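Enquirer: Take this structure first; my questions come after.
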Amino acid sequence: LDLHGCRLGDKGTRRLPRAKFWPNLVELSLLGNVISPFGIQGLLDAEVPRDLAALVLDGEQLGHETRTELRRKYGERVVFTA
């Protein structure tokens, strides 16, 4: 699912894990969206989709702590762009 530049924001990001498609995600790209640690918390609280291969995020806008938490939760599946 490519949500690149969709102006998703924090509220939209927090809603994603409640969507019917969430458990079936294979890849999710959130590039080009302004997402703060508040929005990322929704991803951290969610169950990791069983078949998720990649969660792609803008690494620059996320702090070190948030990137570390995402890496802990999603492992190598999370990809940060520069």
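The values are calculated or read from the model by the stated rules, or taken from the named source; none is laboratory data. Keep in mind that what you see is a predicted model, and the values were worked out from it rather than measured. All Cβ positions, even for glycine, are placed from backbone atoms using ideal geometry, and neighbour counts span all protein chains on display. Just so you know, the surface numbers come from the protein's heavy atoms only, side chains and all, with ligands and any DNA or RNA stripped out. Shrake-Rupley method; radii C 1.70, N 1.55, O 1.52, S 1.80 Å.
Enquirer: May I have the extent of the alpha carbons of the chain along their three principal axes, as whole Å values ordered from largest to smallest?
Expert: Here the Cα extents, ordered largest to smallest, are 28, 25, 19 Å.
Enquirer: Could you work out how far the C-alpha centroid of region 59-82 sits from that of region 28-58, in angstrom?
Expert: Each part's Cα centre sits 9 Å from the other's.
Enquirer: Of the candidates Gly63, Gly42, Gly32, which one comes out as most mobile in a Gaussian network treatment of the chain with C-alpha springs shorter than 10 Å?
Expert: So, out of Gly63, Gly42, Gly32, the one fluctuating most is Gly63.
Enquirer: Right, next: How many Å² of accessible area per residue for region 10-53, probe 1.4 Å?
Expert: Heavy-atom SASA per residue in region 10-53 reads 58 Å².
Enquirer: Another question about this same structure. Considering only protein heavy atoms and a probe of 1.4 Å, how much of the accessible area of the chain is carbon and sulfur, as a whole percent?
Expert: Details: 2540 of 4980 Å².
Whole-percent figure for carbon plus sulfur exposure: 51.
Enquirer: Where does each of Arg50, Arg7 land when they are ordered by accessible area, with a 1.4 Å probe and the largest first?
Expert: Ranked list, largest accessible area first: Arg7, Arg50.
Enquirer: Say the dipole of the chain comes from +1 at the beta carbon of Lys and Arg and -1 at that of Asp and Glu; which of Leu8, Leu62, Val34 then lies farthest toward its positive end?
Expert: Farthest towards the positive pole: Leu8.
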